Amino acid sequence: MKIIHIDMDAFYASVEQRDDPALRGKPVVVGGDPRSRGVVATCSYEARRFGVHSAMSCAEAYRLCPSAIFVRPSMGRYVEVSRQIRDIFERVTDQVEPLSLDEAYLDVTENKLAMPLARDVAVWIRSAILAETGLTASAGVSSTKLVAKIASDIRKPDGLTVIPPSRAEAFLAPLPVRRLWGVGAATASKLKRLGYHTAADLARADPRALERHLGRFGPLLGRLARGDDPRRVTPERPPKSRGSETTLSVDVLDRQVVLRLIDDHASDVAEDLTRIRRAGRTITLKIRYADFETVTRSRSLPAPTHDARTISEIARALLDSTKAGERAVRLVGVSVSGFPDASLPEQLVLDFEAGQNRVGASEEAEGNS
Ligand code: DCP
Ligand code: MG
């Protein structure tokens, strides 16, 4: 397989610098107000030299770099660029898996450019992005998702890194375990306690020992560390379901916390369904225990729903058929599937419009009284 991971450089900040020449070559922080409790979304490479980075408070960013120019995000322009790069990817292959607005995997084993070398495809994509958006992207090329993604990061900004399959394991070897897919802060500190610091430590570990410590994820992690990543690039398809989930930063035993997360996810899903004008009959609760064992529990309704209360009531009831509360939980997800047949979309649209009109009408009545 030939996989390319593309990631735009300092994405929001680069768009801001492109659109305002006064910001070019300067430390730019995109995020909230430095005097309030805003957080840094991203910053230009000029600001990174001062130690500013994503997710730190804007107050901290200001302390590190008082000369920085603070800019509010304008999502509309970022979404527009995201569509442009998506369009470029689709001229290369239909095997495109976007990870966020500025990042995607492409499987270019077969490609519409008929280029045999993935490196050449990556060169083509980077220059098309620059020509059409005026922005730079970094690319990683390899035979697996894991290596391609890490590779795209090492010569940022405006970098291209190719790791042939024969070099994948050696490339990963010195990296801290945290860089491997699926290893969050909690797993990383557990691995550290067990004496596994780098990918090389995991690569040479006995898979049975890893299974003892991490459950089913253990042996997979050993494979990943050897550069053997079974994950395929999975392109987006018309939605068959809608879901929302969180991986917790600490494993949770408290059932009340899980119930609250279920409510949050139910409202997210309901909001999402309303936006895409869909409703589904099947509600699924997904729970991943601390050892990575994952269970799903589903129930189907007589009629499709997009109602937050209904979704959360059913998902809460489904929690009773899991071991949450007895076993620690690291991921909670709620999804809705079983959308009515796409050959009957009109009825659904009518149902939604009826619902929305009702809301609109009552708001208007209140406004007039
Ligand atoms: N983003 C955000 N909050 C975060 C991280 C990122 O809002 N905690 C937004 C802003 C980024 C965009 O997502 O511009 C893309 O995220 P990346 O992690 O790819 O970061 P950048 O593209 O900004 O920088 P890099 O050059 O490191 O990819
Ligand atoms: Mg980026």
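The values are calculated or read from the model by the stated rules, or taken from the named source; none is laboratory data. Quick caveat, the model's predicted, so the values are computed rather than measured. Here the Cβ is made from the backbone with ideal geometry for all residues, glycine too, and neighbour counts use every protein chain on show.
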- prompt: Within the range 52-91, how many residues turn out to be among the small types (Gly, Ala, Ser) and either outside the structural domain of Leu113 (by TED's automatic domain parsing) or part of a loop (DSSP other than H, G, I, E, B) (or both)?
  reply: 5
task: Return the pairs, sorted by first residue and then second, in which the second residue is more than 14 Å from ligand 2 (Cβ to nearest atom) and in a strand (DSSP E or B), the first residue lies in the range 7-19 and is under 9 Å from Ser44 (Cβ atoms), the beta carbons are less than 7 Å apart, and the residues are 6+ apart or on different chains.
output: Ala13/Val28; Glu16/Val28; Glu16/Val71; Gln17/Val28
- request: Check every one of the strands (runs of 3 or more DSSP E) wholly within the range 274-344 and list those with 2 or more residues that are closer than 21 Å to Thr246 by Cβ and free of Cβ contacts under 8 Å to residues at least 40 places away in the same chain.
  value: 294-305
query: In the range 141-166, what residues are under 20 Å from Val233 (Cα atoms), touching a strand residue (DSSP E or B) at 6+ places or on another chain (Cβ under 6 Å) and part of a loop (DSSP other than H, G, I, E, B)?
result: Ile163
query: What are the residues in the range 1-15 that are within 18 Å of the chain's Cα centre (by Cα) and either under 17 Å from Val52 (Cβ atoms) or near ligand 2 (Cβ under 7 Å from one of its atoms) (or both), if any?
result: Asp7, Met8, Asp9, Ala10, Phe11, Tyr12
task: Could you tell me which residue of the range 32-56 is surrounded by the most Cβ atoms within 10 Å (Cβ to Cβ), considering only residues that are within 12 Å of ligand 1 (Cβ to nearest atom) and not hydrophobic (A, V, I, L, M, F, W, C)?
output: Ser44
field: Subset of the range 188-212 (residues that are among the hydroxyl-bearing types (Ser, Thr, Tyr) and assigned to a loop (DSSP other than H, G, I, E, B))
entry: Tyr196
- request: Could you list all residues from the range 6-27 that are away from ligand 1 (no atom under 11 Å from the Cβ) and not in a helix (DSSP H, G or I)?
  value: Asp20, Arg24, Gly25, Lys26, Pro27
- prompt: Does at least one position in the range 93-116 carry a residue that is buried (at least 18 other Cβ atoms within 10 Å of the Cβ), part of a helix (DSSP H, G or I) and out of contact with any Gly (no Cβ under 9 Å at 6 or more places or on another chain)?
  reply: no
- prompt: Of (1) closer than 21 Å to Tyr12 by Cβ; (2) surrounded by fewer than 24 Cβ atoms within 10 Å (Cβ to Cβ); (3) within 16 Å of ligand 2 (Cβ to nearest atom), Glu132 satisfies all except one. Which?
  reply: (3)
task: Please work out which residue is nearest to Glu90 (Cα to Cα), limiting yourself to the range 223-249 and to residues that are out of contact with any Asp or Glu (no Cβ under 7 Å at 6 or more places or on another chain) and small (Gly, Ala, Ser).
output: Ser241
